[in-house]
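What follows is a short report on a single structure.
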Amino acid sequence: MGAEAVSLSKVREFAAKLSVWAHLATVGADGEPDVVPVHPCWEGDVLWVMVGTDSVKSHNVSVNDRVAMHWQVTENGDGVEVWGRATVLADLETKRRLWTGVFDYDLNAFAPGGPDKSPDTAFMRIDVDRAVILRMYGAAGIERWARP
């Protein structure tokens, strides 16, 4: 079965129907992979993840910016995977901008000091290079998007 081309907006919409949770894969300086659950949120074509400045995710991205993410699949095996490049941003301007309006949960639950008094909090920006929508683990169809 061949793969069909799809827009990134369709990938975003499909992912939103799956779960608020995804699994983020990073690779550290030692070449070892690390996978963790995250609650990503889209801002246009960019994915954002709240992270700790001293987290394994942040350290890994500082040496290898390539990441992959897989949304939890539905009972019938529908899923979304994305690949891209990540940057960790901890500047106050970015934190203030993202603190309200981008995430669909209260960031204060994880960083009660808010953007101004949470120095150990940062945001991982993921610029997506390619993505796939998998229906029934790909058996019922695959739709692909790639950055032009």
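Here are His70, His59: which of them is in contact with a His (Cβ under 6 Å, 6 or more places away or on another chain), at pLDDT 90 or above and either surrounded by 19 or more Cβ atoms within 10 Å (Cβ to Cβ) or of a type outside the set (Asp, Glu) (or both)?
His70
Could you grab the pairs with beta carbons closer than 7 Å, sequence gap of 6+ or different chains, first residue in the range 88-113 and surrounded by 11 or more Cβ atoms within 10 Å (Cβ to Cβ), second one among the aromatic types (Phe, Trp, Tyr)?
Leu89/Phe123; Thr94/Phe123; Lys95/Phe123; Leu98/Trp48; Leu98/Phe123; Val102/Trp48; Leu107/Trp99
Please list, ordered by first then second residue, the pairs with beta carbon atoms under 6 Å, 6 or more apart or interchain, first in the range 34-58 and over 19 Å from Pro112 (Cβ atoms) and in contact (Cβ under 8 Å) with a residue 24 or more places away in the chain, second among the acidic types (Asp, Glu) and part of a strand (DSSP E or B).
So the pair list comes out as Val56/Asp34.
Residues in the range 12-33 that are of a type in the set (A, V, I, L, M) and either in contact with a helix residue (DSSP H, G or I) (Cβ under 6 Å, 6 or more places away or on another chain) or free of Cβ contacts under 8 Å to residues at least 40 places away in the same chain (or both): how many?
Matching residues across the range 12-33 total 3.
Of the residues in the range 118-131, how many are farther than 23 Å from His59 by Cβ and surrounded by fewer than 19 Cβ atoms within 10 Å (Cβ to Cβ)?
Number of matching residues: 1.
Quick one: what pairs do we get from the range 64-77, first residue without any contact (Cβ under 8 Å) to a residue 24 or more places away in the chain, second crowded, with 17+ Cβ neighbours inside 10 Å and outside any loop (DSSP other than H, G, I, E, B), C-beta under 6 Å, 6+ apart or different chains?
Close Cβ pairs (under 6 Å, with a partner that is crowded, with 17+ Cβ neighbours inside 10 Å and outside any loop (DSSP other than H, G, I, E, B)) amount to Asp65/Ala86.
Of these, Glu75, Glu4, which one is loosely packed, with under 15 Cβ neighbours inside 10 Å and outside any loop (DSSP other than H, G, I, E, B)?
Glu4
The values are calculated or read from the model by the stated rules, or taken from the named source; none is laboratory data. Only a predicted model underlies this, so the values are computations on that prediction, with no experimental measurement involved. In this analysis, Cβ positions are derived from the backbone assuming ideal geometry, glycine residues included, and neighbour counts consider all displayed protein chains.
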